[in-house]
Amino acid sequence: MARDSKDLQLIELKDNIKELNNTIGNLNSLIEAANKREAEHLAEEQRLREQIDYLTKKLFGKSSEKRDDIEGQLSLFDEAETLASDDDPEEQEFISVEQHTRKKKTTMADKFANLPTQKVYLDVPEDQRKCEVCGTPLEKIGEEFVRREIEIIKPAIKIIEYYSISYGCPNCKVNAEIPYIVKGRDGHPHMLHGMASAGTVAWVMYQKYVNSLPLYRQEKDFKMYGAEICRGTIASWITKNAEEFFTPMAEYFRRKLVSGRYAMADETPVQVLKEPGRRAESKSYMWVFRSGEFDKEQIVLFHYSPTRAGDTAKDFLDGFHGYLMTDGYSGYNKLKDCTRTSCWSHIRRYLIDAIPKGQQYDLAQPAVQGLVYIDRLFDMERKIHEKKGVTYDAIKEYRIEKEKPVLEGFWNWVDDQKPSLNTRFHKAIVYIQNRRPYLETYLEDGGCSFNNNTSLSEGITYPHLTLERFEITAFAIKRCA
């Protein structure tokens with residue numbers, strides 16, 4: 001009986017141990033799940049912090065990606081501080097000095113050497129040209145410079161009316177059945193059924209696309225000078241002249257571009273107002289296609305498209321068989337007849353965006369480590385292109401000898417990275433790996449560019465991002481990011 005009781009107790013203890021083990025297992029699973037959730041929350045918190053820092057930098061920070069720890073790069077100042085400097089920032093003649101090189105200061109005469117100059121003489125009134133001592137008439141003995149001022153001659157609008165003068169034969173008028181009459185022939189007007197002269201059209205285009213003056217403001221400007229010309233009329237001047245004169249010229253340069261060995265391309269969203277069948281908030285795209293960075297004949301063409309479809313680039317560059325420099329947009333994959341080369345500036349930008357706030361100089365940060373390789377490549381490219389008269393073959397040889405080992409080190413570094421998912425650094429590594437086949441193409445030919453900055457910079461100088469429907473055919477340009 002006592003033995004049976006002990007056996008029951010033993011069985012109960014075994015059951016209790018089993019239940020406790022199950023409980024421990026469940027608790028361990030809960031702890032593991034909680035730790036996993038905590039890690040996910042921490043990762044999400046880190047991702048959100050990165051996103052906040054990134055957006056804050058985009059909204060309030062400087063857009064430049066230069067860092068003052070990179071050799072050869074200077075700190076950037078605000079525009080007002082730069083413009084307040086006594087010396088102009090333009091490149092000037094260099095004067096060699098024993099210990100250093102300094103720039104020759106630009107004189108006032110140098111700055112305005114190309115402007116017409118009118119001399120105004122400050123003469124002495126005739127009744128004062130007598131010596132106050134003895135009364136002898138004074139003689140002119142010279143002149144001296146007093147001051148200089150700039151005067152703007154404002155534009156003026158006038159109407160030019162053309163009249164054809166008629167001549168008739170007085171004899172035939174009396175004796176002949178049909179009088180003989182000749183009239184002065186009118187030369188071909190610049191615009192049929194339009195009042196705008198060639199100079200007027202050139203002026204409104206210059207105001208719109210160089211001085212960024214919208215057509216509604218040009219309309220007001222015309223009115224101030226006494227001419228009531230609506231913006232629709234001005235727009236028709238632009239579009240008709242663009243179609244008649246610029247379209248054939250653009251097609252000629254497009255054919256020249258695709259017949260070359262090197263080309264660059266980029267695209268950016270623009271907003272088009274009053275476009276038929278589309279909302280004003282819809283994204284349209286302005287594409288820039290240009291010749292190679294080092295080509296002697298530079299060609300830059302802009303093309304509007306309502307979408308970002310890769311067919312736009314495919315159709316525009318139809319017949320191109322050379323090296324094409326682009327960013328990572330997959331739409332360019334539709335171009336099968338050319339050799340793609342990818343932009344290292346975009347790679348650099350992704351790594352810069354992945355650096356945590358305030359840690360841009362911390363080499364413990366993986367993104368900073370990657371930047372060290374890329375900045376070394378940029379420095380090498382700068383040095384080889386600073387040399388005058390260097391050939392493409394020499395550039396290719398230099399790149400293979402000097403830059404390829406750095407590239408190999410960079411790829412080894414990329415392969416070793418194991419970034420956390422959904423972080424900006426993870427995004428950067430994925431972007432780099434996807435571009436890998438095209439990032440070394442530039443080693444094949446010394447004429448290939450290392451980055452697409454030349455293409456990007458074309459758009460930066462033109463701030464026309466908002467177009468109206470009737471201006472689409474005109475040459476509005478872009479800012480690329």
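Read-outs throughout are calculated quantities, based only on the coordinates presented, and are distinct from any laboratory measurement. For clarity, every value in this text was computed on a predicted model and none was experimentally measured. Positions of Cβ are generated from backbone atoms using ideal geometry, with glycine treated the same way; all protein chains shown enter the neighbour counts.
Okay, here's what the table says:
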item: 3J(HN,Hα) from dihedral phi, region 341-358, Karplus parametrisation 6.51/-1.76/1.60, rounded to Hz, x for glycine, proline; result: 9, 9, 8, 6, 5, 5, 4, 4, 5, 4, 5, 4, 5, 8, 7, x, 4, x
item: Interchain or long-range residues, amide H under 5 Å from TYR285's placed H; result: VAL270, SER305, THR307
item: Pairs beyond 23 Å (Cα-Cα), from LYS357/LYS404; LYS256/LYS314; LYS283/LYS314; LYS14/LYS36; result: LYS357/LYS404; LYS14/LYS36
item: Label-point gap, in nm, between ALA394 and SER166 - each point 7 angstrom along Cα→Cβ; result: 7.4 nm
item: Exposure proxy order (Cβ contacts within 10 Å, fewest to most) of TYR216, TYR262, TYR162; result: TYR162, TYR216, TYR262
item: Theoretical FRET efficiency, 1/(1+(r/R0)^6), r = Cβ-Cβ of ALA113 and GLU44, R0 56 Å, to 0.05; result: 0.35
item: Relative contact order %, region 264-471, counting alpha carbon pairs below 8 Å whose residues are six or more apart; result: 27 percent
item: Peptides 381-393, 323-335, 141-153 ordered by average Cβ neighbours within 10 Å, highest first; result: 323-335, 381-393, 141-153
item: Gain in span if fully extended, ASN333 to TYR225, counting 0.36 nm per residue against the direct Cα distance; result: 33.6 nm
item: Residue exposure sequence - ILE374, ILE355, ILE400 - by fewest surrounding Cβ within 10 Å; result: ILE400, ILE374, ILE355
item: Net dipole in debye of region 264-471 [+1 Lys, Arg Cβ; -1 Asp, Glu Cβ; about Cα centre; nearest 20]; result: 540 debye
item: Sorted by Cβ density within 10 Å, fewest first, the residues VAL372, VAL270; result: VAL372, VAL270
item: Prolate/oblate/rounded label for region 264-471 (Cα gyration tensor, a/c 1.5); result: oblate
